[in-house]
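Only the coordinates and a few stated rules stand behind these numbers; no lab work does. From a predicted model like this one, the values you see are computed outputs, not experimental measurements. Here the Cβ positions follow ideal geometry from the backbone for every residue, glycine too, while neighbour counts run over all protein chains shown.
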Amino acid sequence: MIRILFFASLRERLKCESIEVDYESGLTLFDLKDTLMQKDEIWHSALSGNLLSAVEQEMVVENTKLTDGMEVAFFPPVTGG
Amino acid sequence: MIRILFFASLRERLKCESIEVDYESGLTLFDLKDTLMQKDEIWHSALSGNLLSAVEQEMVVENTKLTDGMEVAFFPPVTGG
Amino acid sequence: MIRVSEQDFVVADEYQALINDNASDGAVVFFVGLVRDFNQGNNVSELYLEHYPAMTQKVLCEIVEQSKRRWNLGRVRVYHRVGHLSINDQIVFVGVSSRHRDDSFRAAQYIMDFLKTEAPFWKKETVNKNISRWVESEIKDYSARDSW
Amino acid sequence: MIRVSEQDFVVADEYQALINDNASDGAVVFFVGLVRDFNQGNNVSELYLEHYPAMTQKVLCEIVEQSKRRWNLGRVRVYHRVGHLSINDQIVFVGVSSRHRDDSFRAAQYIMDFLKTEAPFWKKETVNKNISRWVESEIKDYSARDSW
């Protein structure tokens with residue numbers, strides 16, 4: 001199982017802060033995002049924007065292979081400080 | 001009259017914190033320092049070192065023409081902060 | 001010491017924690033970020049700070065560790081607030097002590113530059129006419145980070 | 001606000017003076033210099049700070065004015081102590097507020113770099129075995145100033 005978190009404007013657009021999806025062998029971050037984007041038009045457009053991704057609470061810039069039990073997060077560029 | 005101040009290690013070496021000398025027409029900072037250096041060996045060696053000069057409380061890097069009533073100061077490189 | 005909290009911090013306490021029993025560091029630099037009344041073209045009345053709790057501490061620790069590898073630092077303290085804030089409220093504190101001032105200045109600026117672009121915080125402002133909007137990230141923050 | 005005094009300053013008060021009724025500045029940077037227990041190869045037990053009173057205020061004002069011309073600053077405060085100081089005592093405070101953090105960071109560092117090389121203060125340290133010596137100026141301070 002993969003846990004997916006959404007934050008800030010993305011969370012609001014999706015009206016969703018977290019979902020869980022089944023893990024499938026060989027799943028990558030790219031596959032996961034692609035699957036989510038196929039849900040409907042809102043998800044497609046929200047996830048097409050300028051987003052950052054984290055796997056296991058570490059920012060990742062490349063496509064990454066996932067393993068079962070991982071936590072993935074998608075969010076807009078950060079604006080703290 | 002020109003008032004001359006000495007600070008920090010220079011003041012201690014000269015055992016003197018200020019003196020006054022008569023103003024003479026055309027007097028420059030260079031003349032003044034030269035006259036002081038001729039006082040004796042201690043003054044000569046103390047004023048030969050790496051010193052900064054201020055005229056009217058402004059650091060000067062060049063030779064400067066003095067006018068009557070000015071305040072001149074000689075001191076070692078500053079070490080505040 | 002790194003802390004993320006809804007509670008406010010006290011600059012004097014943070015400063016004391018940097019200098020108490022610390023006779024070897026002669027230089028302390030700190031940065032405080034506060035809620036401004038004007039941002040990106042609009043008057044601001046309130047601010048809400050969201051974050052990704054499981055990730056925030058991890059990222060801040062990593063940034064601080066990086067700064068300690070780059071410069072000769074004594075103590076480092078980072079405090080970031082989350083939740084609802086008003087104008088003039090304190091948002092973030094970064095304090096660094098070191099022997100020489102250059103290390104403290106650079107490290108404090110480095111930590112802020114990376115915090116601004118890599119720590120998972122998001123600001124939502126209430127602007128004119130009680131409209132809420134998420135703050136946009138700024139290119140100059142990325143340029144600042146990439147200058148290191 | 002620029003002050004030279006034998007009296008100690010309170011960082012919390014200096015900070016308050018920078019932020020009170022100041023809703024437009026979102027960034028505050030400050031530097032505090034303290035007496036270290038070790039300097040230029042020797043253990044230090046005490047410090048005496050001499051200055052040229054008529055000139056000090058003038059030079060500090062000029063440095064602050066220069067920084068205000070170079071960056072977009074809100075408030076600037078400089079406080080420098082003179083007289084007898086002990087280990088861990090505060091020597092100097094430089095605080096700068098501005099809209100954007102980069103201006104505050106640069107200005108605070110600029111002010112310190114010029115203060116170190118142009119303001120007429122001299123430190124005399126009491127080192128090992130109660131020997132007093134005047135602190136030597138350091139080349140790196142001139143390099144720092146000349147980098148601006």
Considering the dipole of segment A:2-75 built from charges on the beta carbon (Lys and Arg +1, Asp and Glu -1) around the Cα centre, which of A:Leu47, A:Thr67, A:Ser25 is farthest to its positive end?
A:Leu47
Under the rule that an exposed site lies in a DSSP loop and has at most 14 other Cβ atoms within 10 Å, name the longest stretch of chain A with no trypsin sites (Lys or Arg not before Pro) of that kind, not counting the sites themselves.
A:40-81
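At a 10 Å Cβ-Cβ cut-off, how would you order C:Asp25, A:Asp40, D:Asp89, fewest neighbours first?
Working: C:Asp25 22, A:Asp40 9, D:Asp89 13.
Least crowded to most crowded, the residues run A:Asp40, D:Asp89, C:Asp25.
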Pick from C:Glu62, C:Glu136, C:Glu118 the residue whose mean-square fluctuation is largest in a GNM of chain C, springs joining Cα atoms under 10 Å.
C:Glu136
Just counting partner chain Cβ atoms within 10 Å, what average do the residues of peptide C:5-15 show around their Cβ?
2
Nearest 10 degrees is fine. How inclined is helix D:101-118 to the longest principal axis of chain D, computing both from alpha carbons?
30
Count, for each residue of C:80-87, the Cβ atoms from other chains sitting within 10 Å of its Cβ, then give me the mean as a whole number.
1
Residues C:Leu115, D:Leu34 in order from fewest to most other beta-carbon atoms within 10 Å are D:Leu34, C:Leu115
For segment C:2-143, whose charge dipole is built from +1 on Lys and Arg Cβ atoms and -1 on Asp and Glu Cβ atoms, the candidate among C:His84, C:Val96, C:Tyr110 with its Cα farthest towards the positive end is C:Tyr110
CD proxy at 222 nm, helix term only [per DSSP H run n ≥ 4: -39500 (n - 2.57); per residue of the protein assembly as shown; nearest 500]
-10000 deg cm²/dmol
Across the residues of C:108-119, average count of Cβ atoms on other protein chains within 10 Å?
4
How many angstrom lie between the C-alpha centres of segment D:20-96 and segment B:1-56?
29
Report the Rg/Rh value for segment D:2-143, based on alpha-carbon coordinates and the Kirkwood definition of Rh.
0.99
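In square nanometres and to one decimal, what's the mean projected area of the convex hull around the Cα atoms of segment B:2-75?
Reported value for the Cα convex hull: 4.3 nm².
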Convex hull volume per residue for segment C:1-50, taking Cα atoms only, in Å³:
120
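For chain C, what's the relative contact order in percent, using C-alpha pairs closer than 8 Å and at least 6 residues apart?
Numbers: 272 pairs, mean separation 49.2, N = 148.
Relative contact order for chain C comes out at 33 percent.
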